[in-house]
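The structure appears right after this line, and notes come after that.
Each value in this text was obtained by applying a stated rule to the coordinates, not by laboratory testing. Predicted, not measured: the structure shown is a model, and the values here were computed from it. Cβ placement follows ideal geometry from the backbone for every residue including glycine, while neighbour counts extend to all protein chains displayed.
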Amino acid sequence: MEIRTRFAPSPSGFLHVGGARTALFNYLYAKSNGGKFILRIEDTDQDRSTENSFQIILESMKWLGMNWDEGPEVGGEFGPYKQSQRLDIYKKFTDILLEKKLAYRCFCTTDELEAKKKQSEAMGIPYIYDGLHAGMTDNEIQEKLNKGESYTVRFKVPHKTIIVQDVIQGKVKFETKLIGDFIIVKSDGFPSYNYAVVIDDFLMKISHVIRGVGHLSNTPRQILIGEALDFPIPTFAHVSEIVGTDGKKLSKRAGATSVLAFRDLGYSEECFVNYMALLGWTSEDGVEYLPNSRTSEIFDIERCSKSPSTFDVFKKMKEEEKESVNLTSLTTEELADYLNPKSKLNWLSNKYIRDMDIDVLSERILNFILDSKDIPDEIKQKGNRTLTSILESIRVYLDRLSQAPPYISEFFNNTISIEDDTAREIASRENASVVMKTFFMQIKENQPVSDEDYKKLMDNTGTISGEKGKNLFMPIRVLTTGKAHGLELPILFPLLGKEKLILRMNRIAEELKLSLS
Ligand code: GLU
């Protein structure tokens, strides 16, 4: 049997990490089994579906390299792949179900149903539709139709036990008498999710339905419809929930941001895919860094865990922040402040940046440096020699591609001067001039190359001047950059090299009227 999986998003918002992870598992399962991956747009909720959301979903899928074999834009044998364009298909099946009396028209008005719901609530019992119109005669129905009364179509739920044999969740038992006859066609003529999904999965020959565990409770409804229409039942795999660093279900506040936000933050697509694959799945040998699309060879749905997985990309928010901060509405710069520096994503991302082909890296970095006025235009080209040599020396320090610009621009900054009063004040502190002179001499008399060499010279300066901590590195920072804040010095120094460093120190010393030798 050919493995055919599908991702079936509703276009009512952006693609967040939960949805993208579901898409990925479907994609990987199809690819690791030589199967097909289908993208289907479930836009039957007319009020919530938007064209903009549809476009964002496509853009997100493309960014992550999850190319679909069938679906919007690419077409396929079983299209159209947008549910709103398949209404006549659903109608044919509805006619069969009505004909066989496996479904019926329900003329209850919204007000009537609301009143019944309220009554159940008042009695403290769960609301189950009472099947009021299940037994109407053909004549009664015709009369109402003639009057133009609006109706929904409800599925007549047979009372039985349904056992879902879920690949991840195991055996799950449902009693259908607790479900009640549910709506399969809404009064606007559009099918409900639980109905359209079954017809499409059948017609599109879907072999495996892989989706979030939140949909497990929908599965018995879908099995009932499949059985009524004599469809083969697909294999179900419901993937575990993703929780934030606070251990709670990912919400908008805790990180259910658009996946495109991670692109803008400077994570590469390969790295983000690798990270998402680990949200609920582990490789057989436990290896987590899986470059070169290794996941699409070794992924197996059977190795997915039942327990929730932690999305550790954002820091745990403080109580007071939870109320006021919504991560989905922040700018990229603001969002960066909430990143957890020790996340697995950063660890992976650093590895990807270190190992990336240097031409690819230079191309990716371009997006982040194009607008920078502090970086000369002539190096802003894929494969530019100066750019690649700078990248070679700074890549080990980057967790994100977007962190590169200040390092690159610092390299071209030859006109440094004391930036502000804070920097000036640091330089005038007690013993600061001793520190600065000592460091200058250390550099002058040695031939440092690596960051380790520079660290050693800073340590020597500390020993000689008797200063440590801030009193040691702040004056050195001011002397070499003119600033009170900035890049990590041991990273910056090898980048500049001894000669440039000496030029800079002389310039600042002149401004400070300090004699270095
Ligand atoms: N449209 C549904 C959703 O976005 C699809 C669920 C499914 O995969 O069956 O949640």
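Assess whether Gly75 counts as being away from the ligand (no atom under 16 Å from the Cβ), farther than 30 Å from Leu132 by Cα and small (Gly, Ala, Ser). For Gly75, the condition - away from the ligand (no atom under 16 Å from the Cβ), farther than 30 Å from Leu132 by Cα and small (Gly, Ala, Ser) - is met. For the stretch 211-221, a residue qualifies if it is in contact with a strand residue (DSSP E or B) (Cβ under 7 Å, 6 or more places away or on another chain) and more than 10 Å from the ligand (Cβ to nearest atom), and the qualifying residues are Val213, Leu216, Pro220.
If I go through the stretch 131-147 residue by residue, how many of them are out of contact with any helix residue (DSSP H, G or I) (no Cβ under 9 Å at 6 or more places or on another chain) and either surrounded by 14 or more Cβ atoms within 10 Å (Cβ to Cβ) or in a loop (DSSP other than H, G, I, E, B) (or both)? Write out each step before concluding.
Applying the first criterion (out of contact with any helix residue (DSSP H, G or I) (no Cβ under 9 Å at 6 or more places or on another chain)) to the stretch 131-147 yields 131, 134-135, 137-147.
Pick out the ones that are also either surrounded by 14 or more Cβ atoms within 10 Å (Cβ to Cβ) or in a loop (DSSP other than H, G, I, E, B) (or both) and you get 131, 134-135, 137, 141, 144, 147.
Residues meeting the conditions: 7.
Within the stretch 201-211, is there a residue that is small (Gly, Ala, Ser), under 24 Å from Leu39 (Cβ atoms) and in contact with a helix residue (DSSP H, G or I) (Cβ under 6 Å, 6 or more places away or on another chain)? No: zero hits.
All of Val74, Val17 fail the test of being loosely packed, with under 14 Cβ neighbours inside 10 Å and within 25 Å of Met276 (Cβ to Cβ), apart from Val74. Going by the structure shown, is Ser349 under 22 Å from Lys62 (Cβ atoms) and exposed (fewer than 15 other Cβ atoms within 10 Å of the Cβ)? So Ser349 does not fit the description; no.
Let's see how each residue does on (1) of a type in the set (A, V, I, L, M); (2) surrounded by fewer than 19 Cβ atoms within 10 Å (Cβ to Cβ):
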position	(1), (2)
Ser187	no, yes
Ala196	yes, no
Asp200	no, no
Met204	yes, no
Gly214	no, yes
Thr219	no, no
Pro232	no, yes
Thr235	no, yes
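Here Asp47 meets the list (1) more than 14 Å from the ligand (Cβ to nearest atom); (2) closer than 23 Å to Tyr90 by Cβ; (3) crowded, with 19+ Cβ neighbours inside 10 Å; (4) of a type outside the set (A, V, I, L, M) almost entirely, failing just condition (3). Identification of helices (runs of 4 or more DSSP H) wholly contained in the stretch 411-517 with 3 or more residues that are more than 30 Å from Lys373 (Cβ to Cβ) and touching a residue at least 12 places away in the same chain (Cβ under 8 Å) yields 432-445, 451-465. Looking only at residues that are part of a strand (DSSP E or B) and closer than 18 Å to Glu70 by Cβ in the stretch 179-210, which one is nearest to the ligand (Cβ to nearest atom)? The extreme case among them is Val209. The residues of the stretch 222-233 that are touching a residue at least 24 places away in the same chain (Cβ under 8 Å) and either away from the ligand (no atom under 11 Å from the Cβ) or touching an Asp or Glu at 6+ places or on another chain (Cβ under 6 Å) (or both), listed by number, are Ile223, Leu224, Ile225, Gly226, Ala228, Leu229, Phe231, Pro232. Scanning the stretch 191-220 for residues that are closer than 15 Å to Gly180 by Cβ and either free of Cβ contacts under 8 Å to residues at least 60 places away in the same chain or within 25 Å of the chain's Cα centre (by Cα) (or both) gives Asn194, Ser217, Asn218, Pro220.
Looking only at residues that are away from the ligand (no atom under 14 Å from the Cβ) and among the aliphatic types (A, V, I, L, M) in the stretch 1-14, which one is surrounded by the fewest Cβ atoms within 10 Å (Cβ to Cβ)? Ranking the qualifying residues of the stretch 1-14, first place goes to Met1.
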